[in-house]
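Just below is one structure, and these are the notes that go with it.
The values are calculated or read from the model by the stated rules, or taken from the named source; none is laboratory data. In this text the structure is predicted, and so the values were computed from the model without any measurement. Here the Cβ is made from the backbone with ideal geometry for all residues, glycine too, and neighbour counts use every protein chain on show.
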Amino acid sequence: MIVTRVSPWSVAKIAALLYGIIGLFVGAIMSAMALLFGTALAAQRNDAWIGTIFGVSAIVVMPILYGIGGGIMAAISALIYNVAARMVGGVRIDVEP
């Protein structure tokens, strides 16, 4: 079996979901770090709300940004693959029944 074309929209949907999940993990880590350092900063200064806002928003914003960026880049990559596959013949995949 030789893959000569992939649907950019199909690839973009899958990549957006996968990158969104990755963004959720990255956002959770950033949120934990921001809350931790925000608490440490609050002991010295009176502006812990900055770390709290950044921490809470990271867990929402990062999956969205990662999902959108990953979907766009995957669609562009699929378009480039389609052009390259026309030139050289695509990727050969061996499948067993």
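Of all residues in the range 1-32, those satisfying the criterion of being closer than 29 Å to Arg92 by Cα and either of a type in the set (S, T, N, Q) or in contact with a Cys (Cβ under 8 Å, 6 or more places away or on another chain) (or both) are Thr4, Ser7, Ser10. Can you tell me which residue within the range 56-94, out of those that are part of a helix (DSSP H, G or I) and in contact with a strand residue (DSSP E or B) (Cβ under 9 Å, 6 or more places away or on another chain), is surrounded by the fewest Cβ atoms within 10 Å (Cβ to Cβ)? By that ranking, first place goes to Ala85.
Each row is one residue, and each column tells you yes or no for (1) more than 26 Å from Pro8 (Cα to Cα); (2) at pLDDT below 90; (3) within 19 Å of the chain's Cα centre (by Cα); (4) of a type in the set (Phe, Trp, Tyr).
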{"residue": "Ile29", "(1), (2), (3), (4)": "yes, no, yes, no"}
{"residue": "Leu35", "(1), (2), (3), (4)": "yes, yes, no, no"}
{"residue": "Asn46", "(1), (2), (3), (4)": "yes, yes, no, no"}
{"residue": "Gly51", "(1), (2), (3), (4)": "yes, yes, no, no"}
{"residue": "Val61", "(1), (2), (3), (4)": "no, no, yes, no"}
{"residue": "Leu65", "(1), (2), (3), (4)": "no, no, yes, no"}
{"residue": "Ile68", "(1), (2), (3), (4)": "no, no, yes, no"}
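Tell me, which residue of the range 1-23 that is surrounded by fewer than 18 Cβ atoms within 10 Å (Cβ to Cβ), aliphatic (A, V, I, L, M) and modelled with pLDDT of 95 or more is farthest from the chain's Cα centre (by Cα)? Of everything passing the filter in the range 1-23, Ile14 is farthest from the chain's Cα centre (by Cα). Close contacts from the range 25-37, counting a first residue that is closer than 13 Å to Ser57 by Cα and a second that is surrounded by fewer than 17 Cβ atoms within 10 Å (Cβ to Cβ), with Cβ to Cβ under 8 Å and a gap of 6+ residues or different chains, come to Gly27/Val60; Gly27/Val61; Ser31/Val56; Ala34/Thr52; Leu35/Thr52.
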